[in-house]
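What follows is a single structure, written as C-alpha cells, with notes after it.
Each reported figure results from applying straightforward, stated rules to the coordinates on display, with no laboratory input. Note that the structure is a prediction, hence the values are computed from the model and not measured. Positions of Cβ are generated from backbone atoms using ideal geometry, with glycine treated the same way; all protein chains shown enter the neighbour counts.
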Amino acid sequence: MKARAALQKVLRQNEFYILLVIILLAIVIQARSGLFFSLDNIVALAGAMVVPGIFAVGTYMVLVSGGIDVSFPALASLAVYATTRMLVDWGWEGGLWLPLVLVIGISAVLGAFNGAFTATIAVPVLIITLGTSNVFSGFMQGALSSVQIPSIPPAMAEFGRASLLVTENPRTGHLSSLPLSFLVLVVIVAAAFVVMKYTTFGRSIYAIGGDESSAARAGVNVKRTKFALYIIAGVLAGIAGLVRTSMMGQMHPTNLLGMELMVIAAVVLGGTAITGGRGTLTGAMLGTLLIVIVQNSMILVGVPTIWQRVALGVLIIAGTAVSAVQMTRARKRQGAIV
Amino acid sequence: MTTTMTPTTRMPRGLRTMFRDAHVTRLAVVLVALLAFFAIVKWPNFSSVATWQSMAMQFPEFGLLALGVMLTMVLGGIDLSVVGTANMTAIATAMLMLKIAPEGSASSTGYLALGAGVAFSLVVGAVAGAINGFLVAKVKIPAILVTLGTFELYTGIALVISGGKPISGMPPEYAYVMGSRIASYIPMVLIIFVIGAFIVWYLMNRTAFGTKLYMLGSNETAANFTGLKTTSLIVRTYTISGIFAASAGLVMLANYNSAKADYGSTYTLLAILIVVLGGINPNGGTGRLAGVVLAVIVLQVLSSLLNTFPRVSNFYRPLIWGGVLLLVIIINQWDKRGNLTRMLRWKGTRT
Amino acid sequence: MEHIISLRGISKSFAGVQALDNVTLEIAPGEVHCLAGENGSGKSTLIKVLSGVHAPDGGEIILGGESHRALTPKQAIAHGIQVIYQDFSVFPNLTVLENLAFTSEISDKRPFVSWRRMRRTAETALEKIGVSIDLDARVDSLPVAQKQLIAIARALMNDARLLVLDEPTTALTNREVARLFSVIADLTAEGVAIIFVSHKLEEVFEISQRFTIIRNGRHVITCLPEELDRASFSFYMTGREFDDERFTGGDIAADPILELDGLSVSGAFEDVSLALRPGEILGVTGLLGSGRTELALAMFGLMPHDSGRIIVDGKEAKLRGIRDAIDLGMAYVPEDRLTEGLALERSIGKNITISVIDKFVSRLGTLRESQLNAEAQRWVDRLKIATPTPANAASTLSGGNQQRVVIGKWLATGPRVLVLNGPTVGVDIGSKHDIHRVLRELAADGLAVIIISDDIPEILENCNRVLVMRDGRIVHEVDSVDTTEERLSDLMSKDVAEGGKR
C-alpha cells in the first residue's frame, strides 16, 4: 500500500515528466543517429551543462524565494572581465587561487548590490535586476571599455583545458573531453542540495517564497535572508563566468549576455514555479539538461543549428502549456471557478 | 488612480487629468531639468536641428515597442516577445518586398511592394500577438513564460528565413516614404510613432476597450464576474502589441535599410524599463500613456546627450538607463504611494 | 482571581477617528470569552492592542503582574498570547510538518534543520489538540478547517496561555465547528483561555462563559450568557431595538420569472427546485457547506450543472457563462466584494458603469463620457454612496459604501432577477439598513430578489419566504412571518431528517 502511494506521489511530480521527456528525446535521437548514447556525446553534453548548470542553481534559489533575477549574466561578465583585465595587466602567472578569490569577491559585492535593493525596496525583483543588469553591463562596457581579451592568465587557461577524461568517438574519431570544471558543477549542486533541504537558511527561502509576511511572523529575518541569498546567487554566477572564460581561453565580454531568459526557462521547465515557493534542485538540473540536449544534440538528428531557437521556443511553450493545463485541471477539481 | 496633486483650475482639463498622476509630473520635471542641462552644457548640439532630427528618428524604434508592452502590462501581463516579432516581421516583409520588386524594378512596382509590405508586416505582427494572447488567455500559461517562449520562437523563425544574414537591397521606394521627412524637417518614423501613441491614447481613454482593459488588469476575478469577455480582451491586447512590434520592425527597416534577426537585442528590457519608468504598475490596472511617452523621450534625450560627449563611450548608455531606473525606484519608495504595495505582489503570472 | 491580562480604559484613535474609547477587557485563566461587535466596532483594534501590534493612546495593560502603557508583540508572545487571524499565517507551499515545526526551528537558531526533529515536533503539536492530519500533505491542498487546526496547533506550541480566535467559524461547516469546539473545551480544561471574536450569537452561545460587547469603540456590557437573549444581544450590538417590521411582499406577481427544476451539481447540491416571482424577496439560508453559494453560481452559469433545468420566463435557459445570464436579465452580487466585486484602483463611476459600458458607445466606438458620468452619478445618488465625486478610486470608500457600489453596478444593468450572496457581510449598521431598504423598494417595484445569507435576522426581516439548505438539499421552506430566529437556527443545523417541502 505504501509503495503504491509513493508511486502515485512520484507520478504527480513535475520532475518525473521532465525525466520522461528527456529519455524519450534521447531514444528518438539515438534512433535517428545512433550517436546519442555514445560516450563522447554524453561527455560533450556533460561539458555543455557546466556553465548553464551553475547559473541554474542560483536561478533556482532565487526563483524559489519568489524573485526573478535577470542580472546574473551581466554580473558574471562584469566580475570576470574586471578580474581578467586586472590579472592580465599585472601579468599574473601564479595559481588559480587569485582569479578565484577576485571573481568571488567582486561578484559577492555585485550580488550584495542586488540584495540591498531587493531587501529594502518594495518593487518586483524582476524590475530591480533589470536596472542592475543594465548598470553592470554598462559599467563593464563603458567604464572598463571592454574589448575582447584574447589571452587570459595561464592559470585560468590551464584550468579550462584540464579535463577529467577524454573519450574518442569510434566512428568519427571525434574527441570529447569532460572538463575538470564538471567537478565544480557537481560540488555546487551537492552543496546547494544540502543548503536548500537541510539548513534553516534554505527552508527560510522556501518560506519566504510561500508567504513572506508569514515568514516574517514566524521569526525569519527576511531582509537578511534575501540579502545573503543574492550574494550567493552573485557568487555562483561569478563562478560560472570564470568557468566559461577559462574554457573558452579568452574573455569575451558580451558572450554570456542574453542567457538569462534561457536559464530561467530551463529552471521553470523543471518544475520551479515562477511565483516562488515551489521547486526542486533535481527539477532545475533536469530542465537545464533538457535544454542543453536540445541545443547540442539537434545536429545529431540532422537539424541545423539555425533551428535551435525555434526548437527552444517550442519547447518552452509546450512545457509551460502542459504545466498550465495540469494546474487548471487541479483547480477545477478543487471546485474553483476557472 | 488616486488623486495625488491638487490641480490648478486654470489648467485646461486635458492637461489637468494628465498631471494627476505623480509619475507623470515627476517625469515632466525630470525632462525639463534634463533639457535645461542639455541646453546649458551643450548649446551647439541643443540648438542644432540635426540633433533633434536624429533623436526623432531613433526613439520610435523602441518607443513603439514600449507602447505595445504598455498595453500588456496594464492588463497585468507582459510581452517579452516584441523584439522577436519586430525582427521576424521586418525580415519577412523585406523578403516579400524584394520578391515583388527586385533590383531595378519600376517605381510603380516599388510602391506596390511598399504597400504590400507594410500591410503584410502588420498582419503577421497581429498573428504573432494573437498567438501570445491565445496561450495566455485560453491555455492560461503565465504571460512571462509565454512571451519568453515566443521570443525564442519568433527570433528563431527570423534566423531561419534569413539564414542568419542581414536582408538588404530593398526597393528604394521604401526608403523614399518611410525614411522621408515631412516638410523636410519631421521624419516619417516620428509621424508613425505619434500615430501609434494617438491610437493608444484613443483606445485607453476614449473607448470601452480601454476601460475594460483597466478593469481586467485591476481585478481579473471581478472582471469575470462582471461578464467581461476576458479571453477576447486578452487576445486583442496582445494582438495590438504584436502590431506595434511589427511597426517597430518597419521603423528599424527604414532606419537601417536592412533587417536582421538580432537587431534591437537590448530593446526588450529597454521597453520594460520605459514602461515601468512611465509609471505603469506591473500588477496591472493603472498607468497613463503620458508617462510612457515622457519616459521614452527622457531616455532618448539622455542617450543623445551621452552622444554629445565623444570622450564618454556609447556603452555607458545601459549604465545610465539602469541607473535612472534604480533612481526612480528609490524615489518612489521614499514617496510611498499606494501603488507600491500592489507592485510587491506582482509575480508575472497575471494575464 | 488573577487575570491573564487586563486591559483597562484603553483608548486609541487613528487619524482623528476614535477607534477605541475607554474600553476595559479582562480575561481569566481557562475561560472562554466572546468578544462581540459589528464591523467597525473596534474589536480588531482591541485585539491588536492586546497582542502588541498597536500601542494605545491611553489606559493601562496589566500583564504578568506588571502594568504597561503598551505591549510589544514579543512581550505578548512571551506571556503566551497568540492570535490566530483569519488568514491563519500558513505557508501554502509547504507541508503540514513544516508549517508546524518551522517556527520552532527558526527560534532554536540552529543552522541545520533536522527533519526527524521536525517530525517529532509536528506530531506532538497535533497530539496536543487530538487531531490527526497527514504530515506530508501540502497545506494548500487541505480544506480550510484543517488549516485552522494547524494554525491552532502551531499557536499552542509556544506555551500559549491565551488564544485569540478571530472569527474562526466563518469558513467551517457545522461538523467542523463541533470539532473546533471540542478542541477548545480540551484547551480550557488545561487552563488555556480563549477569546472568541465573533458576531454570531448562536455558535458562541453554547461555548462562551462570558461575553463582552463593543459598539462604536465603546464598551457596552460584559455579562454572562444567561443574561443575554437574541433581542438584547442584537440591541447591545447595534444600538437599535429589534425591528419588528418584516418584509411581507406586497404585490407579488402570479407567474414566476425564474424557476429551477431539479438542478444538481455533483459534489455541491442536488435536486434543487424553486420558483421566484417578481416582487418577492426569497431567502436562501444554510450553514457553510450546505451548497448555497454553489447554487447561486450555478444559477448564473458560472458553474455548469449536471442535471435539471433553469427556466427563465417560462423558457429553458442554456447558460454557458455569466454573459448569458446577464443577457437574460439576471444579476449576481458575489460574496467577497474585494476579490470578486470591485476593481479598487479604478474610479467609483467606472466600477458602477462597467457592466453597461457598451451601451454608452457612439457609432464610431467612442465612449460617451458625459452620459456615462451622469449614469454613475445617478446610482451614487440613488444608493447614497458617500463620496464627493464618482471619480475617486473605489479604494477610498468604506466597506458599506463599497458594497453599495457593487450593488449599483448590478442594478445599472436593469435586471429582473437580483441574487445577492451575503450582501451585508462586513458592512456597518447604517449601510446595512440602507441596503435592505433599497432591496425592499426594488422588490416593491417588481424586481425579483434572492438573498443568500447565514445572517438569520437579515433573512427573517427582509424575505417573505425562506428556503433552508443543508448538505446540498433544500430541506425546509418557511414563511418568514411565522418563524422565529431560534426556529430558523434549529432548522439550519439540526440533524433531523425532515421531508422537504416545495
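Before moving on, here are some points about what is shown:
- Listed by chain and number, the aspartates and glutamates whose alpha-carbon sits under 14 Å from that of B:LYS165, ignoring those within fewer than 8 places in the same chain, are B:ASP262.
- Spatially proximal aspartates and glutamates relative to B:LYS138 (Cα-Cα < 19 Å; intrachain offsets below 8 disregarded): B:ASP79, B:GLU220
- Assigned charges on the beta-carbon of Lys, Arg, Asp, Glu; the protein assembly as shown dipole about Cα centre (debye): 3620
- Dimensions in Å of the range C:60-100 - Rg and Dmax from alpha carbons: 14.6, 41
- Between the residues A:GLN308, A:VAL135, A:GLY319, the greatest Cα displacement towards the positive end of the dipole of chain A, with unit charges on the Cβ of Lys, Arg, Asp and Glu, is found for A:GLY319.
- Taking the Cα centre of the range A:38-256 as reference, the dipole from Cβ charges on Lys and Arg (+1) and Asp and Glu (-1) amounts to some 460 debye.
- Backbone HN-Hα couplings from phi across the range C:396-411 [Karplus 6.51/-1.76/1.60, Hz, Gly and Pro as x]: 7, 8, 6, x, x, 5, 4, 5, 5, 4, 5, 5, x, 4, 7, 5
- Chain C: antiparallel DSSP beta bridges as a percent of all, rounded to 5: 55
- Directionally averaged projected area (convex hull, Cα atoms, chain C), nm²: 26.7
- Kyte-Doolittle at least 1.6, axis length at least 20 Å by Cα - qualifying DSSP helices, chain B: B:22-41, B:143-162, B:188-206, B:289-307
- Chain A, Cα convex hull volume normalised per residue, Å³: 166
- Most to least packed among C:258-264, C:386-392 [average Cβ atoms within 10 Å]: C:258-264, C:386-392
- Leading residue at positive end of dipole, the protein assembly as shown (Cβ point charges), from B:ALA39, C:GLY191, B:PHE59: B:ALA39
- For the range A:11-41, the set of chymotrypsin sites (Phe, Trp or Tyr not before Pro) satisfying both a DSSP loop assignment and a count of at most 11 other C-beta atoms within 10 Å is given as A:PHE37.
- Working ranking of peptides C:88-95, B:169-176, C:109-116, C:204-211 by packing, defined as the average number of other Cβ atoms within 10 Å per residue, highest first, is C:88-95, B:169-176, C:204-211, C:109-116.
- Average beta carbon contacts from partner chains per residue of B:203-210, 10 Å cutoff: 4
- Stokes-Einstein translational diffusion, the protein assembly as shown - Kirkwood Rh over all Cα pairs, 0.692 mPa s, 37 °C, in µm²/s: 99
- Average partner coverage of A:90-98, which counts Cβ from other chains inside 10 Å: 0
- When each of B:LYS212/C:LYS43; C:LYS74/C:LYS128; C:LYS48/C:LYS109; A:LYS197/A:LYS223; A:LYS226/A:LYS332; B:LYS140/B:LYS212 is checked by Cα-Cα distance, pairs over 30 Å: B:LYS212/C:LYS43; A:LYS226/A:LYS332
- Relative to the Cα centre, the charge distribution of the range C:258-493, modelled as +1 at Lys and Arg Cβ and -1 at Asp and Glu Cβ, gives a dipole magnitude of about 1120 debye.
- Taking only the C-alpha atoms of the range A:146-289, the Rg (one decimal) and the largest Cα-Cα distance, Dmax (whole number), read 18.7, 62 Å.
- Helix-only CD estimate at 222 nm, as mean residue ellipticity for the protein assembly as shown, using -39500 (n - 2.57) per DSSP H run (n ≥ 4): -18000 deg cm²/dmol
- For the range C:258-493, the number of Lys pairs separated by eight or more positions or lying on different chains, with C-alpha atoms closer than 28 Å, is 13.
- Listed peptides A:85-94, A:122-131 by packing density, highest first (mean Cβ within 10 Å): A:122-131, A:85-94
- Anisotropy class of the range C:363-502 from Cα gyration tensor, a/c 1.5 cut: prolate
- Gyration tensor over alpha-carbon atoms, the range C:258-493, equivalent ellipsoid semi-axes in Å: 30, 21, 15
- Percent RCO, i.e. relative contact order, over chain C, from Cα pairs under 8 Å lying at least 6 residues apart: 15
- Binned Cα-Cα distances of the range C:72-129, short to long, each 5 Å bin given as a whole percent: 4, 16, 20, 27, 21, 11, 1
- Applying the Karplus relation 6.51 cos²θ - 1.76 cosθ + 1.60 with θ = phi - 60° to the range A:314-328 yields 3J(HN,Hα) values of 4, 4, 4, 4, 4, x, 6, 5, 4, 4, 5, 5, 4, 5, 4 Hz, where x marks Gly and Pro.
- Exercise: per-residue mean of other protein chain Cβ atoms within 10 Å, C:356-368: 3
- Comparing C:ALA178, C:MET492, C:PHE112 along the charge dipole axis of chain C, the residue lying farthest to the positive side is C:PHE112, per the Cβ-charge model.
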